[in-house]
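The values are calculated or read from the model by the stated rules, or taken from the named source; none is laboratory data. Bear in mind the structure is a predicted one, so any value in this text is a computation, not a measurement. Quick reminder, even Gly has a Cβ in these numbers, built from the backbone with ideal geometry, and neighbours come from all protein chains shown. These accessible areas exclude ligands, DNA and RNA; they are computed on the full protein's heavy atoms, side chains included. Shrake-Rupley method; radii C 1.70, N 1.55, O 1.52, S 1.80 Å.
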Amino acid sequence: MTEYNSQNYPEGEALRAQIGRRHRAGLAGRLLFQFATIVGILTLLALLYNILNQTFGYAAVENEVDPAYLVREYEKGQMLAAAALSSEDDARLAAAVADDPSGVALFSYSAYLPRSGALRPLAMDGVQPGEAGYPINRPLFLYSAVQVAQEKPQVAAFVHYYLAHAEEAGAEVGVFPADPEAVEATRASWLGALGLSELPAVNPADYGGVIRIVGSSSLLPLTRRIAEMFVADGFTGAIRLESSGSNAGFEQLCVRQSADINQASRPMTRPEAEICRENRRQPLVVRVANDALSVVVNAENEFAREISREGLQRLFTTAENWADVEGSWPAAPVNRYIPGRASGTLDSFADAVLEETLAELPQEALTNILRAHISRGLGRRLEREQRFDERVLVFDSVESYRAACAGEAAPEGCTAPPRSQNNVYNLVLDWVVRPNVVQTWSLVDSLFNRREVAAEIAERFPEAQMEFRTWLTADFVTSPQAAEPEIAGVRTALLGSLWTIAITILFSFPIGVGAAIYLEEYARESAVNRVIQTNINNLAGVPSIIYGMLGLAIFVRLLVTITSGAAFGAVEEGTTANGRTILSAGLTLGLLILPIIIINAQEAIRAVPNSLRMASYGLGATKWQTVWSHVLPNALPGILTGTILAMSRAIGETAPLVVIGASTFITADPQGPFSKFTTLPIQIYQWTSRPQAEFRNIAGAAIIVLLALLLSLNATAVVLRNRFSRNLT
Amino acid sequence: MIHIRDQERVSSVTAAGQAIALEAQNLQIFYGPFQAVKNVNLAFQRNRITALIGPSGCGKSTVLRCFNRMNDLIPTARVEGAVLYRGKNIYDEDVDPVEVRRQIGMVFQKPNPFPKSIYENVAWGARINGYKGNMDELVESSLRQAALWGEVKDKLDQSGLSLSGGQQQRLCIARTIAIRPEIILMDEPASALDPIATLRIEELIQTLKADYTIVIVTHNMQQAARASDFTAFFSVDENRTGYLVEYGPTRNLFTNPENELTEQYITGRFG
């Protein structure tokens, strides 16, 4: 025995060395598998990185029309329609309200001061005009240019004098000091541009020449007062003061160069600054004061002393009498005296108090916006797709609409219910606002190079806003497909995918499991059955596009009367999708995954222990009872695992659906199995092949939706499976 | 309690007046071209326990499975000869194997309860066979008969698989007697169990004898000697075909075997 051992087996050191070699061989194998696993994980991470990088990130968005402008115009229209008098002249408004005990007016605080005996301004949420926290202030600026300040020292001296005396003079004329921080910021940049470190003391007597001042009337009282002081302090030159409005003032300063200072009641816009620079005028600005917009009532009005923001909204829009604003106030009618449409005052008020967004506007207002901005022809087309109003035609004439509806192919709008508010809102976005993403940045750039992105936008797209875009939003999931990537969504595709997969599963699960039961439990061992089995195994490996051609030939062409729904009278002849329906898609995908389901179900059935069948037969069960009560329940978890795999495959398939003719652009939800369709993978495929970068962003978002759909369907199946397996133990 | 059927159903009666429950006449069993068993002639007496013993591969299990046509489930199996039950050959064309199995139940070597609740394990067979009485009572009486009631009465809704091996086997017996067969075939019912569980099964078989005719295949000669009334000894010939060597009352066969092979086997000299 010992001799045998020593001859044929290693011992001692040799044995240890031999064992070591076996361990090392195992280690090599393990490292290889580890490496493979890591490569797999890295691939997955790279995939996720790519998708996320596309789906989130900064975008430069340019609107053709600013939605805030549309809202403001609507709000102004609403206010003007409710006004008893509107005038650009604050003095006229003040006079009107001074004569009307139940009137209310809106104008600058500086216009109130001269009539303070007959009028009373309302406190807003407890804050008096001019006090800190008063919500409707307008910033007032002085604009000049570096070149002007250098050529004409009297202009710079005047501005410095202005800054030093603004507070003192403002108190006299009813203009309030601006927020000190804002003043300090503009003052620092002004001084910096002129190479000064602090505000120099100015002696007006040292200066002469002409100072030409233009611009907004809001600042006129203050400027006039300071100019008087400047002259009184010994200025030897002349000051020409003109009220031309802020807009004209910028043009005079930069383009015509007929002014040295523009007193503006709004900041310079980016294009205006651009124009200035082109004309060799580097703009300079200081914030000098605040204009408090005052809501003023007659002094005889005893009840109104304070008002809330909501009350203010009602007061200037819908309220018919004072009781509508505050329940405790009398039911006297409200007479409103407000500035005219051209006035910046009304704009400021609308922006500060009426806080509606475009999406919240009533449908009628949105329809009016559409009517004001789109052509009549386009409007007619939209109206024939779906009406805007049940009773009234907005764009079309009655005759032509009746003619269109009486025709053979009556447009859908003749019968469909009218558009919803949300629908019209989307049309406004689509045709009026036209948000246009001019460029997008990846998530990585957005996170780590934020400053560069901001600089690039400022430089290349001065009109655009920088937005952090999450392309995957609730709207994206619930909106239908659209031509513009900003408003396009995946609802159509998502519903298409759900319908298709439902039909696929309904078709292939029962047939697949049935076939597996037949093959495993009933079919005898014969040549024919072996051929069938081999065929099924091979079919599982056939490229999916072949199934697409099969589906095209059989379901789309041959069985067109069934798959189009014509055989069931579901669709009228002539308006069908001609067999390119959800039903065809579902059946084609069903054929595609049938072999996978059969093979997996066979495996699962084969794995059911034979002893269970014996036990069942031993109790006098028939074959069917045995299969139904024992084989199938025990095989079900395995069958469901196979079905999950098959379903995952079907939901991601693109090629066969392209072949059988999925719609490339469809905005209508699928209504049933006989509808035209598109699915998520098809949508993704189409978006990725578009040239615009934004389509790749939404393709990324759609991929996430597809993954989420896949995971949730799989999770459902896994939960089902676990429930079945739990019942079996 | 359902008692055994009356005399007129009895297929045949021996000269001694003993009722015969089941009789194999010239039984031959083939698997494809291979003959597994040849020329078996056996008659099982009612309310008696008959043990089938023999060395491995002698076909005793095959013979047992012939008695309720379980061999039908093996595609290549073929049976010649006759198995008479109530005077009719169960292999006749017009006999439905489902009906045969309804009357001749089977307990398998390895406990194979359904992966269902204990209650459902017992009730399922009764339900599919159209039992119309009170199911709760049937489940209880069957479990009592199988000496399992006391151990499971508080957990009838638990899975049958949660029981121990011996309990599972008794559950399988309860399941079988729930459909009230006339004959119970047992294929080495205790071979997968420990000695204590084995003993309990043997005791159970003894009590069941009052109501059922039992045919039991066993490898364990002590078990055959202890538990059976009659013993049939099988052996294999040079072609590996099994055949019946000797059949008689257990006491005679073990104390005074007629055949030399039997004596060698029971004294442990081969097998």
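In square nanometres and to one decimal, what's the mean projected area of the convex hull around the Cα atoms of region A:398-459?
Working: hull surface 31.5 nm².
Its average projected convex-hull area is 7.9 nm².
Under 37 °C and 0.692 mPa s, how fast does region A:27-132 diffuse according to Stokes-Einstein, given a Kirkwood radius computed over C-alpha pairs? Answer in µm²/s, whole number. Provide the component values of the computation, followed by the final result.
On the way: Rh = 20.5 Å.
Once the numbers are plugged in, D ends up at 160 µm²/s.
Can you give the calculated 222 nm mean residue ellipticity of chain B, where each DSSP H run of n ≥ 4 adds -39,500 (n - 2.57) and the sum is split over every residue, rounded to the nearest 500 deg cm²/dmol?
-9000 deg cm²/dmol
Could you tell me the relative contact order of chain A? Use alpha-carbon pairs under 8 Å, at least six residues apart, and round to a whole percent.
Reported relative contact order: 17 percent.
Of B:LYS110/B:LYS153; B:LYS110/B:LYS155; B:LYS153/B:LYS209; B:LYS88/B:LYS153; A:LYS623/B:LYS60, which pairs sit farther than 29 Å apart, going by alpha carbon to alpha carbon?
From B:LYS110/B:LYS153; B:LYS110/B:LYS155; B:LYS153/B:LYS209; B:LYS88/B:LYS153; A:LYS623/B:LYS60, over 29 Å: B:LYS88/B:LYS153.
Where in region A:607-623 does accessible area fall by at least 40 Å² between the isolated chain and the complete protein assembly, at a 1.4 Å probe radius?
Buried by the other chains: A:LEU612, A:MET614, A:ALA615, A:TYR617, A:GLY618, A:LEU619, A:GLY620.
So if I take the alpha carbon set of region A:260-380, get Rg, then get Rh from the Kirkwood formula, what is the Rg over Rh ratio? Provide the component values of the computation, followed by the final result.
Numbers: Rg = 20.2 Å, Rh = 18.5 Å.
So for region A:260-380, dividing Rg by the Kirkwood Rh gives 1.09.
Please report Rg (one decimal) and Dmax (integer) in Å for the Cα set of region B:101-152.
11.3, 31
Of A:ARG187, A:ARG287, B:ARG101, A:ARG341, which has the most accessible area and how do the rest follow, probe 1.4 Å? List each step's numbers first, then the result.
Working: A:ARG187 60, A:ARG287 40, B:ARG101 10, A:ARG341 115 Å².
Solvent-accessible surface, decreasing: A:ARG341, A:ARG187, A:ARG287, B:ARG101.
Using the Cβ atoms and a cut-off under 10 Å, what net charge is assigned to the surroundings of B:ASN71, where Lys and Arg are +1 and Asp and Glu are -1?
Numbers: positive: B:ARG65, B:ARG69, B:ARG78; negative: B:ASP72.
Cβ neighbours under 10 Å give a net charge of +2.
Using a 1.4 Å probe and counting only protein heavy atoms, arrange A:PHE724, A:PHE395 so the residue with the most accessible area comes first.
Working: A:PHE724 75, A:PHE395 5 Å².
Ranked list, largest accessible area first: A:PHE724, A:PHE395.
Under 5 Å between amide hydrogens, which residues at least 5 positions from A:SER87 or on another chain qualify, with H placed 1.01 Å from N in the peptide plane?
Counting only residues 5 or more places away or on other chains, the set is A:ILE338, A:GLY340.
Counting pairs of Cα atoms in region A:662-729, how many percent are more than 18 Å apart? Before the final figure, lay out the partial values.
On the way: 1293 of 2278 pairs.
Distances greater than 18 Å cover 57 percent of the Cα pairs.
Keeping all protein chains in place and using 1.4 angstrom, which order do A:THR357, A:THR563 fall into by accessible surface area, from largest down? Spell out each step's value before the answer.
Numbers: A:THR357 65, A:THR563 0 Å².
Final ranking, largest accessible area leading: A:THR357, A:THR563.
With a 1.4 Å probe and every protein chain left in place, tell me how much accessible area B:GLU203 has, in Å² to the nearest 10.
110 Å²
Can you send over the solvent-accessible area of B:GLU140, 1.4 Å probe, protein chains only, in Å² to the nearest 10?
60 Å²
Using Cα pairs closer than 8 Å and at least 6 residues apart in sequence, work out the relative contact order for region A:152-293, in percent.
Working: 203 pairs, mean separation 46.7, N = 142.
RCO, region A:152-293: 33 percent.
Mean 1/r over all different Cα pairs, inverted: what Kirkwood radius does region B:20-114 give, in Å? All intermediate terms of the calculation are to be shown ahead of the outcome.
On the way: mean 1/r = 0.0715 Å⁻¹.
About 14.0 Å, per the Kirkwood formula over Cα pairs.
Against the longest principal axis of chain A, how steep is helix A:220-232, in degrees 0 to 90 to the nearest 10, with axes from Cα atoms?
Tilt of helix A:220-232: around 40 degrees.
Please compute the Cα-Cα pair-distance distribution of region A:320-453 with 5 Å bins starting at 0, giving whole percents from short to long.
All Cα pairs considered, the percentages come to 2, 8, 12, 12, 12, 11, 12, 10, 9, 6, 4, 2, 0.
Keeping every protein chain present and rolling a 1.4 Å probe, give me the accessible area per residue for chain A in Å².
On the way: 35180 Å² over 729 residues.
Solvent-accessible surface per residue comes out at 48 Å².
What do you get for Rg/Rh of chain B when both radii come from the Cα atoms and Rh is the Kirkwood radius?
Rg divided by Rh gives 0.96.
From Cα pairs below 8 angstrom and at least 6 apart in sequence, can you work out the relative contact order of region B:109-253, rounded to a whole percent?
Numbers: 193 pairs, mean separation 32.7, N = 145.
This gives 23 percent for region B:109-253.
What is the projected area of the convex hull of the Cα atoms of region B:170-257, averaged over all directions, in nm²? Numbers along the way, then the final one.
Details: hull surface 26.8 nm².
The Cα convex hull of region B:170-257, projected and averaged over all directions, gives 6.7 nm².
Going by alpha carbons, how many degrees (0 to 90, nearest 10) lie between the helix axis of A:344-353 and the longest principal axis of chain A?
With both axes taken from Cα atoms, the answer is about 50 degrees.
Mind ranking A:134-141, A:438-445, B:251-258 by how tightly packed they are, going by the mean number of other C-beta atoms within 10 angstrom, highest first?
Order by mean packing, descending: A:134-141, A:438-445, B:251-258.
Add -39500 (n - 2.57) for each DSSP H run of 4 or more in chain A, then divide by its residues: what number comes out at 222 nm, to the nearest 500 deg cm²/dmol? Display every interim value, and only then the final one.
Values: 32 runs with 396 residues, N = 729.
Value at 222 nm, helices only: -17000 deg cm²/dmol.
Among residues other than A:VAL104 whose Cβ falls under 12 Å from its Cβ, what is the net charge (Lys/Arg +1, Asp/Glu -1)? Could the numbers behind the result be given before it?
Values: positive: A:ARG120, A:ARG314, A:ARG336; negative: A:ASP100.
Taking every other residue near A:VAL104 into account, the sum is +2.
For region A:455-609, what does the equivalent ellipsoid look like in terms of its semi-axes, each the square root of 5 times an eigenvalue of the Cα gyration tensor, given largest first in whole Å?
On the way: eigenvalues 386, 104, 38 Å².
Semi-axes, largest first: 44, 23, 14 Å.
Find the centroid of the Cα atoms in region B:148-174 and in region A:388-464, then give the distance between the two in whole Å.
Value for the Cα centre distance between the two parts: 70 Å.
For chain A, just run the numbers: alpha carbon Rg, then divide by 2.2 N^0.38 Å, N being how many residues it has. All intermediate terms of the calculation are to be shown ahead of the outcome.
On the way: Rg = 38.7 Å, N = 729, 2.2 N^0.38 = 26.9 Å.
Dividing the Cα Rg of chain A by 2.2 N^0.38 Å gives 1.44.
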